[in-house]
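Encoded as structure tokens, the structure appears first; notes follow it.
The values are calculated or read from the model by the stated rules, or taken from the named source; none is laboratory data. Bear in mind that the values here come from a model prediction, so they are computed numbers and not experimental data. Using ideal geometry, Cβ is built from the backbone for each residue, glycine included, and neighbour counts are taken over all protein chains shown.
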Amino acid sequence: MLEQLATLDWMKQYALPWGINLALAIGIFIIGRWVAHALVSLAGRLLTRSGLDEILVNFIRSILNGVLLLVVVVAALDRLGVDTTSLIALIGAAGLAIGLALQDSLKNFAAGVMLVVFRPFKAGDFVEAAGTQGVVERIGIFSSTLRTPDNREIVVPNGAIYADVITNYSARGTRRIDLVFGIGYGDDIRKARSVIESVLAAEPRVLADPPAFIGVAELGASSVDLHVRPWVATADYFATMCDLKEKVKLAFDDAGISIPYPQMDIHTKQAA
């Protein structure tokens, strides 16, 4: 009889409270996971509607999901009577140690977030960044991938990209081609201008608006330098630039206009 009373008293003092706390902790964990999943899904939909990059949306969802699950676990352990103060301090110390060990990676991550949010370039743009030129293949969280004109793939840390000057050659729909043609001092400048205008007018990729600029830029040591600045669609820039150089050279040859090479006149004096 005494043993039964002792067992009953033990159950009332220990087993029943522990069982209730365990059931409540399990309930907190299950409900908390469901709430966390719902909040993460809602945040993902809102971020997607705001126009953020899918990579950034997925990463934010993962971080948010991890943080919410950690809160749920701490709340469940607290219900079981575990001293969560020490646990939180331990997690904070571990997070600090990991942050110090991965500070370069965190810098690249922060730069990746800035690149995705502020969008100085997007996939498919031709850019110059961190001393590298190429077409943007992919913008990742820690690094971005560029494809060079000779078809090499270069992976550049986002921190190096964001810390340097970024030149986006594809940001505008049109670009100006800057050409310099030198003619001899004995050639007719007006005739040379007319020849260049004819070449530009016959090139369909050269835009009429804004109009091309043709003018004398410099009276050089060996030539009169003409600056020629037509506008083209960005996608036609390189091919048009090469073709115009060839066509102007051939047109000058047909018109008898010389393109002089650097030369030096040497005067000799005969001693008496």
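Tabulated values for the structure
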| quantity | calculated |
| --- | --- |
| First in region 164-193 and surrounded by fewer than 16 Cβ atoms within 10 Å (Cβ to Cβ), second anywhere and modelled with pLDDT of 95 or more and part of a loop (DSSP other than H, G, I, E, B), Cβ under 8 Å, 6 or more apart | Thr174/Leu207; Arg176/Pro230 |
| Within region 38-153, helices (runs of 4 or more DSSP H) holding 1 or more residues that are at pLDDT below 75 and more than 23 Å from Asp164 (Cα to Cα) | 54-79, 84-101 |
| Residue satisfying all of: in region 203-212; of a type in the set (A, V, I, L, M) and without any contact (Cβ under 8 Å) to a residue 24 or more places away in the chain; surrounded by the most Cβ atoms within 10 Å (Cβ to Cβ) among these | Ala212 |
| Output for region 217-248, where each listed residue is more than 11 Å from Leu179 (Cβ to Cβ), more than 38 Å from the chain's Cα centre (by Cα) and not hydroxyl-bearing (Ser, Thr, Tyr) | Glu218, Leu219, Gly220, Ala221, Val224 |
